[in-house]
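Scroll down for the structure; my scribbles are underneath it.
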Amino acid sequence: PASAARDDEGELYIGGVATSELRERFGTPLYVLDEAEVRAHAARTRDAFRAAVARRGAKARVYYAGKAFLSTEVVRWVTDEGLAVDVCSGGEFEVALAAGADPFHMGFHGNNKSVAELERAVEVGIGSIVIDSLIELERLAAIVERRGAVQPVLLRVRSGVHAETHDFLATAHEDQKFGLSLVDAPDAVARIREIPGLVFMGLHCHIGSQIFGSSGFTESASRLVEVHAALLEGGDVPVLNLGGGFGIAYTSVDDPEPIEQLADGIVDAVARECEVRGIPVPNLAFEPGRAIVGQAGVTLYEVGTVKPVVVSDDVTRLYVSVDGGMSDNARPALYGAQYSARLASRTSDAAPALVRVVGRHCESGDIVVDAEYLPGDVAPGDLLAVPATGAYCFSLASNYNYTPRPPVVAVRGGEARVIVRGETVADLLARDLGVVAATEGEK
Ligand code: LLP
């Protein structure tokens, strides 16, 4: 985060709090989230899209994609900054509700929402449900009919654009599970419009995640506007939702476009296509997740062991093992994601050594930072900071090897407080009914 700074002794501070203090008070591994940074990204993203859309005479709504990092506190920060919230499961929906967020300012995604989840969303009055399949369309139709409810919906489509990112993160080409093919959209929308309890709001497309450059977004937007224009012939289409996916810098080689420029490019593509088709620019919606929280998060680890491994005649790699790993950050194992690491507790004049920061789990793919140069005297007890871990680390965390998940601490203006407590061994055993029986047997 922007607030990361070193004091005179070389110790790293985040949000004005010394990393040694964070370790002492909360232990490691530790997720640290910089509140001011989350808020700043939320506000900047909101303003970028609002301004770009306003220049073309329409309105923008920015949803925070909660899957990136969701807790009640974070929901409060982003809604405070004027963002709506996008959820993709009943669980995420309940967290957002528990935060006191207005359900009318929420959207609900997912390719296989359960009937119970749909019922609950309709009952509470969620702002929009993004229909992902024809089967779901009929399910939702039955629910609104039975309840006599009126539910605004969007239709998720595949624009056919294959985003340039890890293949697991591309979501708008034909051969993947989300949405309907764009060619099938008009029939599906006609069906939605037949159902009195469903209000068709518009098309939705999310091309993928961690995307650099605007060409994928602009190509997708142009294709969507073509169908959006055709749908206007059958009735009102108040909005076009272009999803999220804006890439962030994880290491110094990543160079994302400023969000203002990206927003302008995307909205420009929409406006041009609208002009060609002689239709007004629709209100637009966006759903950034990573771009809001990614860079606001830092994970702190303590070094446990250091092991030099001779890789070839002239390369020795230091394997630096930390007290977390793929259970708190699955992204390197899942997507080959690259991170960086810094010595947080001190600086050192020792010559830099090639290190691989690895976790404590029982597999060799348990890598935190694949390749990094750290001072060659890195040693047990040192504190390491891994930046840009605010998105999809906490949310993808697991209990692999029965590892308790770390707490999340929010820092702001020199203050630190726990916003999600860490798990304990008692939490790990709580679901194991055999343990309960054994203890009872002893009595
Ligand atoms: N909207 C929809 C419909 C989505 O499916 C997603 C992400 C987003 C918005 C937010 O995308 P963002 O702005 O955060 O890129 N676990 C992966 C990322 C999966 C993204 C899934 N959908 C990772 O760690 O990179």
Check your understanding: Extension gain residue 9-residue 226, at 0.36 nm per residue separation less the Cα-Cα distance, in nm?
Key -> 72.2 nm
Review point. So between residue 260 and residue 25, what do we pick up on full extension, going 0.36 nm a residue minus the alpha carbon distance?
Key: 80.7 nm
Check your understanding: So what's the back-of-envelope 222 nm ellipticity for the chain, counting only DSSP H runs of four-plus at -39500 (n - 2.57) apiece and dividing by all residues, rounded to 500?
Key -> -9500 deg cm²/dmol
Check your understanding: Roughly how tilted is helix 35-54, in degrees to the nearest 10 and between 0 and 90, from the longest Cα axis of the chain?
Key -> 30
**Study point:** the stretch 58-201 shape via C-alpha gyration tensor axes, a/c threshold 1.5
**Key:** oblate
Exercise for review: Send over the semi-axes of the chain's equivalent ellipsoid, whole angstrom and largest first, taken as the square roots of 5 times the C-alpha gyration tensor eigenvalues.
Suggested key: 41, 26, 20
Review point. Short version: ³J(HN,Hα) in whole Hz for each residue of the stretch 301-314, in order, from phi by Karplus 6.51 cos²θ - 1.76 cosθ + 1.60 (θ = phi - 60°), x for Gly and Pro, what are they?
Key: 10, 9, 6, x, 9, 10, 9, x, 10, 7, 8, 7, 3, 10
Study note, to complete from the structure: Treating only Lys and Arg (+1) and Asp and Glu (-1) as charged, each at its beta carbon, one finds that the chain has a dipole about its Cα centre, in Debye to the nearest 20, of 880
**Study point:** Charge sum, other residues only, whose C-beta stays under 13 Å from residue 278's C-beta, Lys/Arg counted +1 and Asp/Glu -1
**Key:** -2
Point to revise | Semi-axis lengths (Å, descending) of the ellipsoid that matches the C-alpha gyration tensor of the stretch 35-292 | key: 26, 23, 17
Review point. Any idea how far apart residue 55 and residue 149 come out in nm if each label point goes 7 Å out from Cα toward Cβ?
Key: 4.0
Practice item. Using a Gaussian network model of the chain whose springs link C-alpha atoms within less than 10 Å, name the residue from 130, 276, 306 with the highest mean-square fluctuation. Key: 276
Revision key, fill the gap. Taking Cα atoms only, helix 215-232 is inclined relative to the longest principal axis of the chain by an angle, in degrees rounded to 10, of 30
Review point. Of all trypsin sites (Lys or Arg not before Pro) in the stretch 150-190, which ones are in loop regions per DSSP and have a Cβ with at most 11 other Cβ atoms within 10 Å?
Key: 177
Review point. Do you know the Lys pair count in the chain for C-alpha distances under 27 Å, with sequence separation 8 or more or different chains?
Key: 4
Revision key, fill the gap. Of the candidates 329, 271, 289, the farthest towards the positive dipole end of the stretch 264-335 (Lys/Arg Cβ +1, Asp/Glu Cβ -1, centred on the Cα centre) is 329
**Study point:** For the chain, with +1 on Lys and Arg beta carbons and -1 on Asp and Glu, the positive-most of 104, 27, 312 along the dipole
**Key:** 104
Check your understanding: At a Förster distance of 25 Å, what's the computed FRET efficiency of residue 417 paired with residue 116, Cβ-Cβ distance as r, to 0.05?
Key -> 0.15
Practice item. Estimate the FRET efficiency between residue 135 and residue 347 by the formula 1/(1 + (r/R0)^6), using the beta-carbon distance for r and 51 Å for R0, to the nearest 0.05. Key: 0.30
Review point. How far is helix 185-194 tilted, in degrees, relative to the longest principal axis of the Cα atoms in the chain, given as a value from 0 to 90 rounded to the nearest 10?
Key: 70
Check your understanding: Efficiency by 1/(1 + (r/R0)^6): what FRET value for residue 123 and residue 253, r their Cβ-Cβ distance, R0 = 51 Å, to the nearest 0.05?
Key -> 0.60
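Values in this text are rule-based calculations from the coordinates and carry no lab data. This structure is a prediction, so every number in the text was calculated from the model and none was measured. All Cβ positions, glycine included, derive from the backbone under ideal geometry; neighbour counts span all protein chains shown.
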